[in-house]
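Report on one structure; see the data block that follows.
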Amino acid sequence: MCLNDFEIGKILGKGKLGKVYCVKHKESGYVAAIKVMSKKDLIEFKLEKNFRREIEIQLKLRHDQISRLLGFFYDDKNVYLILEYALHGEIYHHLQLKRRFDNITASNYIYQVSNALSYLHLQNIIHRDIKPENILLAADKTIKLSDFGWSVQVNPSNLKRLTICGTLDYLPPEMVESKAHDFSVDNWALGVLCYEFLVGKPPFDDENNQLTYRRIAKVDLKIPVYVDDDAADLITKLLQRNPSKRLPLADLPSHPWIVKNKPYWPKVRSKN
């Protein structure tokens with residue numbers, strides 16, 4: 001397979017290391033997305049290992065709320081990931097337009113992300129880069145968790161990791177303090193995501209990185225009064241300084257904020 005096998009359409013997104021395009025496979029007519037990454041950049045930023053790991057992890061994932069990696073190929077200059085196409089693009093852009101989501105929308109998205117994370121954790125995979133830019137919206141408005149560049153598969157007998165990675169606003173206290181971390185970093189990130197969905201910005205955002213680091217380390221959490229009380233409760237239970245005290249993902253479906261909003265979520269047609 002090579003780039004000439006595809007008709008290249010509009011650009012869907014840009015990242016630090018590449019761009020994502022909508023493409024159509026000429027022979028089959030299948031519409032997909034292609035992520036183009038420069039070999040030179042991967043080497044320069046010492047991310048070859050991350051890239052190989054991203055492919056190895058995402059190729060074997062099969063879940064309705066996770067973006068499928070359909071294949072990959074390369075040429076002299078670039079490597080190309082063929083990905084499942086998500087019609088409505090990044091949640092980030094929808095959040096920018098709306099400024100913040102209502103309780104029904106936010107709870108639906110948080111529930112779906114938690115489902116994806118529960119599946120990953122059962123596979124001993126930590127995502128480590130949850131944020132609106134890495135969550136896509138499919139044609140039926142289901143979410144697709146994407147970008148596994150910082151993900152890692154851990155040995156169940158040694159869950160602790162030491163790498164500091166991800167996006168500053170979403171880093172948990174244990175990472176900013178250079179301590180070991182485990183699956184619960186994703187639970188923390190889910191709390192940050194919930195706050196950002198409802199408020200329009202991350203909870204520890206400040207005028208410079210150092211102040212943000214300090215606020216995360218202290219869990220200097222200020223939830224606006226307009227945030228629903230049950231939503232605030234969920235955010236608080238996820239954003240616990242002690243990783244072992246963060247709300248388990250298994251408890252999220254029965255949380256009052258989820259339960260009371262679930263009847264109003266859009267109905268998704270069964271794929272069976």
Longest principal axis of the chain (C-alpha) makes with the long axis of helix 229-238 (C-alpha) an angle, in degrees to the nearest 10, of 70
In deg cm²/dmol and to the nearest 500, what is the mean residue ellipticity at 222 nm of the chain if only DSSP H runs of at least 4 residues count, each as -39500 (n - 2.57), divided by the residue total?
-10000 deg cm²/dmol
By average Cβ neighbour count within 10 Å, what is the ranking of 94-106, 57-69 from highest down?
57-69, 94-106
Which percentage, to the nearest 5, of the DSSP beta bridges contained in the chain is antiparallel?
95
Computed from the beta carbon distance with a Förster radius of 25 Å, FRET efficiency for residue 56 and residue 222 to the nearest 0.05 stands at 0.05
Which lysines have a Cα less than 27 Å from the Cα of residue 218, not counting those fewer than 8 places away in the same chain?
131, 160, 179, 201, 237, 245
Hey, for a label at residue 40 modelled as a point 7 Å past Cα toward Cβ, could you say which residues of region 57-97 have their backbone N under 12 Å away?
77-78
Given points 7 Å out from each Cα along the Cα-Cβ axis, report the residue 3 to residue 141 separation in nanometres with one decimal.
3.8
Would you indicate which of (i) 23.8, 74; (ii) 18.7, 56; (iii) 17.1, 51 is the value of Rg and Dmax of the Cα atoms in Å derived from the coordinates of this structure?
(ii)
FRET efficiency estimate (nearest 0.05) - Cβ-Cβ, residue 64 to residue 210, R0 45 angstrom
0.65
In whole Å, how far is the Cα centre of region 88-153 from that of region 1-73?
18
Between residue 24 and residue 75, what is the FRET efficiency for a Förster distance of 25 Å, r being their Cβ-Cβ separation, to the nearest 0.05?
0.85
Distance between modelled label sites at residue 93 and residue 122, nm, 7 Å Cα→Cβ extension:
3.2
Order of 194, 2 from fewest to most other C-beta atoms within 10 Å?
2, 194
Under 5 Å between amide H atoms, partner at least 5 residues away or on a different chain: which partners does residue 9 have, H built in plane at 1.01 Å?
22, 23, 24
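Taken together, the values in this text are just the output of simple stated rules run on the coordinates, not laboratory data. Predicted, not measured: the structure shown is a model, and the values here were computed from it. Heads up, the Cβs are rebuilt from the backbone with ideal geometry, glycines too, and the neighbour counts pull from every protein chain shown.
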